[in-house]
Amino acid sequence: MNQDQLKQAVAQAAVDYIAPHLNKNSVVGVGTGSTANCFVDALAAIKHTFDAAVASSEATAQRLRSHGIAVLELNSVSDMRFYIDGADESDHQLNLIKGGGAALTREKIVAAVADEFICIADESKLVNIMGNFPLPVEVIPMARSHVARKLVGLGGEPVWREGTITDNGNYILDVHGLEITDPKGLETAINQITGVVTNGIFGMRGADLLLLGTSEGVKQLTA
Ligand code: 5RP
């Protein structure tokens, strides 16, 4: 199977996983990216079995609506059983790097509300130690240089993702050269820098389940 087929396989596996638990009042949290897009497309087939979705980006909201799936504001939702999203990297403890699509802050917020975070990814995303994928950090625009200097102090090499503005109106710094042996510690340290909105380490709230697309089929990994 090629990478696209693996993404479609994990997307369908996620739909199969959540379907028995959905009812007419259920709200499903949906992430951002090409794997999440596959999930949205697969979710459309069971759209009459749940109430609505919450999206982690404007792009995902548009895709959901294009399938006739209602999209709610997160502030109007108090119960969310599942959040389904892709990742740029996952370690074996299901700490993640996310934000390759610049949606990390909304992704982290929606994931925080959900009871269960199901990460869907092809096998190229599973690593022993995260950091080969540059860590995205969302920053308030006027703080970009200040935050970049502080990130250098933490051992990283930040690169401004020029031309990218997040859905929240902010900038992204991609931090190269990190070897993330302490995901929760580094997540916390970066979030302490004034001007950082959040960073793409999902360690304090990692995934509960990783559905990993492999050539031998979809594997279920838990932390
Ligand atoms: C977007 C994300 C995505 O989940 C991540 O970039 C993975 O994307 P893809 O499924 O296209 O590989 O965090 O901000």
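Among the residues here, GLY177 does not qualify as under 27 Å from HIS92 (Cβ atoms) and open to solvent by less than 20 Å² (accessible area, probe 1.4 Å). Among the residues of the stretch 120-152, those that are within 16 Å of the ligand (Cβ to nearest atom), in a loop (DSSP other than H, G, I, E, B) and either farther than 21 Å from ARG106 by Cβ or touching a Lys or Arg at 6+ places or on another chain (Cβ under 6 Å) (or both) comprise VAL127, GLY131, ASN132.
Residue pairs whose Cβ atoms lie under 7 Å apart, separated by 6 or more positions or on different chains, with the first residue in the stretch 163-184 and on the phi > 0 side of the Ramachandran plot and modelled with pLDDT of 95 or more and the second open to solvent by less than 70 Å² (accessible area, probe 1.4 Å) and not in a loop (DSSP other than H, G, I, E, B), do not occur. Across the stretch 188-211, a minimum of one residue is classified as part of a helix (DSSP H, G or I) and small (Gly, Ala, Ser). Please tell me if GLY131 is among the small types (Gly, Ala, Ser), touching a strand residue (DSSP E or B) at 6+ places or on another chain (Cβ under 7 Å) and open to solvent by less than 70 Å² (accessible area, probe 1.4 Å). Yes. Looking across the stretch 75-115, the residues that are open to solvent by 30 Å² or more (accessible area, probe 1.4 Å) and either under 16 Å from ALA36 (Cα atoms) or within 16 Å of the ligand (Cβ to nearest atom) (or both) come down to ASP88, GLY100, GLY101, ARG106, LYS108, ILE109, ALA112. ALA59 meets all of the listed conditions (1) crowded, with 22+ Cβ neighbours inside 10 Å; (2) over 10 Å from the mean Cα position of the chain (by Cα); (3) of a type in the set (A, V, I, L, M) but one, namely (1). Out of THR222, THR198, one residue alone is among the hydroxyl-bearing types (Ser, Thr, Tyr), exposed (fewer than 15 other Cβ atoms within 10 Å of the Cβ) and either under 18 Å from the mean Cα position of the chain (by Cα) or farther than 25 Å from VAL27 by Cα (or both). It is THR222.
If you go through the stretch 151-166 and keep only what is among the aliphatic types (A, V, I, L, M), closer than 15 Å to GLY200 by Cβ and within 21 Å of the chain's Cα centre (by Cα), you end up with just VAL159.
Residues in the stretch 3-34 that are without any contact (Cβ under 8 Å) to a residue 40 or more places away in the chain, farther than 24 Å from GLU73 by Cβ and not polar (S, T, N, Q): ASP4, ASP16, ALA19, PRO20.
For residues that are hydroxyl-bearing (Ser, Thr, Tyr) and either away from the ligand (no atom under 15 Å from the Cβ) or buried (at least 16 other Cβ atoms within 10 Å of the Cβ) (or both), scanning just the stretch 13-54, find the one that is farthest from the chain's Cα centre (by Cα). In this case the residue turns out to be THR49. Of the residues making up the stretch 82-97, those that are in contact with a helix residue (DSSP H, G or I) (Cβ under 9 Å, 6 or more places away or on another chain), under 21 Å from VAL15 (Cα atoms) and part of a loop (DSSP other than H, G, I, E, B) are GLY86, ALA87, ASP88.
The values are calculated or read from the model by the stated rules, or taken from the named source; none is laboratory data. Worth saying up front: this structure is predicted, and the values here are computed from it rather than measured. Neighbour counts run over all protein chains shown; Cβ positions are idealised from the backbone, glycine included. When the accessible area is computed, the model is the full protein with side chains, heavy atoms only, and any ligands, DNA or RNA have been set aside. Shrake-Rupley method; radii C 1.70, N 1.55, O 1.52, S 1.80 Å.
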